[in-house]
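The values are calculated or read from the model by the stated rules, or taken from the named source; none is laboratory data. Treat the numbers as computed from the prediction; the structure is a model and nothing was measured. Positions of Cβ are backbone-derived with ideal geometry, glycine not excepted, and every protein chain shown enters the neighbour counts. Remember, those area values only see protein heavy atoms, side chains included, never the ligands or the DNA or RNA. Shrake-Rupley method; radii C 1.70, N 1.55, O 1.52, S 1.80 Å.
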Amino acid sequence: MDIDPVQLQAFIAKRRDAQNFGFGVLGGIIGAAIGAALWGGITAALDGRQIGFMAIGVGFLVGFGVRTLGKGIDKIFGVAGAVLSLAGCVAGNLLAVMIIYANQQNMPFAELAARMTPSAAWSMLTDTFNFMDVVFYGIALYFGYTYSFHKITPDELQALRPAPAAAAPPPDASR
């Protein structure tokens, strides 16, 4: 498909003017929080068994938030999506461990959460870490990165094609 380079540059400039990194990060944080809550709740309900699709879900939710609110085309939006997806997965893992621990100790979750310190959270994460966490985190990084960009639609591409040249009128047959 031929694309008019001048129109392409104008389109890219217009897309860059519409970008908002701050809103993109906000959208990613919202997606990460929702994903972490789902990851933690589902994992705890399954007695600690993790499902790989949750990593895809976290990456998708984060990427969707970054893309929708940020409207970005630059690489930084993908990086933000990847980092926030990883954060969402780690938070989901921590939340799952906390729920399971609170249930085992017959302790209200809110009490455990109120007592949580960064060092206690780190200990919980490292004590329960396994190889599959690396796999899930990698999946989330990939999906968080790839879903964070505005995709050019077929209609937008069509608008960038040069206008067809006017056809010459048919010869006058009446002569």
Tell me the label-point distance for the pair Val134, Phe109, using the 7 Å Cα-to-Cβ offset, in nm and rounded to one decimal.
3.0
Cβ-based net charge around Arg161, under 13 Å, with every Lys or Arg adding one and every Asp or Glu removing one:
-4
Below 13 angstrom from the Cβ of Asp74, what's the summed charge of the other residues (Lys, Arg +1; Asp, Glu -1)?
+4
Where does the chain land at 222 nm, in deg cm²/dmol rounded to the nearest 500, when only DSSP H runs of n ≥ 4 count, each adding -39500 (n - 2.57), divided by all residues?
-24000 deg cm²/dmol
Helix axis angle, 21-45 relative to the chain longest principal axis, alpha carbon, degrees:
40
Over the chain, what is the mean sequence separation of C-alpha contacts under 8 Å (at least six apart), divided by residue count, expressed as relative contact order in percent?
32
Can you sort Arg16, Arg67 by solvent-accessible area, 1.4 Å probe, largest first?
Arg16, Arg67
Let me know the charge dipole size of the chain about its Cα centre in debye, to the nearest 20, where only the beta-carbon of Lys, Arg (+1) and Asp, Glu (-1) is charged.
240
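With every protein chain present, what is the per residue accessible area of the chain (1.4 Å probe, Å²)? List each step's numbers first, then the result.
Working: 10610 Å² over 175 residues.
Averaged over the residues of the chain, the accessible area is 61 Å².
Tell me, what % of the accessible area of the chain is carbon and sulfur with a 1.4 angstrom probe? Spell out each step's value before the answer.
Values: 7150 of 10610 Å².
Exposed carbon and sulfur together represent 67 percent of the surface.
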Angle between the chain longest axis and helix 53-70 axis [Cα atoms, degrees, rounded to 10]:
50
Just from the alpha-carbon atoms, what are the Rg and Dmax of the chain in angstroms?
24.0, 101
Sorted by accessible area with a 1.4 angstrom probe, largest first, how do Phe60, Phe23 fall?
Phe23, Phe60
Roughly how tilted is helix 5-18, in degrees to the nearest 10 and between 0 and 90, from the longest Cα axis of the chain?
40
How far apart, in nanometres, would the label points at Trp122 and Arg16 be if each is projected 7 angstrom from Cα along the Cα-to-Cβ direction?
4.1
